[in-house]
Amino acid sequence: MSIQAEIADQKESLGIHEYAFLSTSDLIFSQGVRNLCEMNSCGQYGKTWACPPGVGTFEECRDRILQYEHLFVFTTLHELEDSYDFKGMTKGKERHCSLCPGIVDLFRKEYENLFVLSAEGCNRCKTCTYPDAPCRFPETLYPSIESYCVEVNRLATTAGIHYINGANTVTYFGCILF
């Protein structure tokens, strides 16, 4: 069974809301996204191997992605009590991150060399080793999509999937490059 057929067959059990297969050449990279990271609005800049500057320069990130030919982008959708439900957003992100390994495992059956990007950086360890020592779990370090200078809203448009899924919801994105 091809990876496309497996995803279609297991979409619901994997927790995937929407997905698409693209070519990495379809991606739009933006220095502006990196600039937003440098403004540190999420508080992770310079604190983790999954975010800048730990992931590398704009050029290094773009070049790493373009080493791969294909991209699988997927979303998970999470209900919120209201648009200010930050606890619900956090739970949604945790749920999204907990679903990623199962999706990645499907791809590992067919492809050896994968690169995974996910939502809003890494919080696996209570204290990250950055920048003093290598990552403790490099095989499951999934940097944020934005840290690699990809405009997620434009990625969604290119993929034909929804960036926003209605009031009182939050949508998280993941990408598997192969």
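The values are calculated or read from the model by the stated rules, or taken from the named source; none is laboratory data. Computed from a predicted structure; not experimentally measured. Cβ coordinates were reconstructed from backbone atoms using ideal geometry, including for glycine residues, and neighbour counts include every protein chain displayed. Just so you know, the surface numbers come from the protein's heavy atoms only, side chains and all, with ligands and any DNA or RNA stripped out. Shrake-Rupley method; radii C 1.70, N 1.55, O 1.52, S 1.80 Å.
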- the stretch 123-137, residues that are under 19 Å from the mean Cα position of the chain (by Cα) and open to solvent by 40 Å² or more (accessible area, probe 1.4 Å): 123, 124, 125, 128, 137
- From 161, 103, which residue is open to solvent by less than 40 Å² (accessible area, probe 1.4 Å), touching a Leu at 6+ places or on another chain (Cβ under 6 Å) and β-branched (Val, Ile, Thr)? 103
- Query: Which ones in the stretch 86-122 are touching a residue at least 60 places away in the same chain (Cβ under 8 Å) and not in a helix (DSSP H, G or I)?
  - Reply: 111, 113, 114, 115, 116, 117, 120, 121, 122
- Task: Being within 17 Å of residue 63 (Cα to Cα), part of a loop (DSSP other than H, G, I, E, B) and either open to solvent by 70 Å² or more (accessible area, probe 1.4 Å) or small (Gly, Ala, Ser) (or both) is the filter here, so list the residues in the stretch 24-46 that pass it.
- Result: 30
- Query: Given the conditions (1) surrounded by fewer than 17 Cβ atoms within 10 Å (Cβ to Cβ); (2) out of contact with any His (no Cβ under 8 Å at 6 or more places or on another chain); (3) not aliphatic (A, V, I, L, M), and given that residue 151 satisfies all but one, which numbered condition is not satisfied?
  - Reply: (1)
- Screening 21, 74 for residues that are under 14 Å from the mean Cα position of the chain (by Cα), under 21 Å from residue 158 (Cβ atoms) and surrounded by 12 or more Cβ atoms within 10 Å (Cβ to Cβ) leaves only 74
- Task: Give me a count of the residues in the stretch 47-61 that are open to solvent by 70 Å² or more (accessible area, probe 1.4 Å) and at pLDDT 95 or above.
- Result: 2
- Query: Can you find even one residue in the stretch 126-144 that is at pLDDT 95 or above and part of a strand (DSSP E or B)?
  - Reply: no
- Restricted to the stretch 164-178 and to residues being β-branched (Val, Ile, Thr) and more than 12 Å from the chain's Cα centre (by Cα), the residue most open to solvent (accessible area, probe 1.4 Å) is 164
- Message: Against the conditions (1) over 16 Å from the mean Cα position of the chain (by Cα); (2) free of Cβ contacts under 8 Å to residues at least 60 places away in the same chain, where does residue 83 fall short? Just the number, please.
- Response: (2)
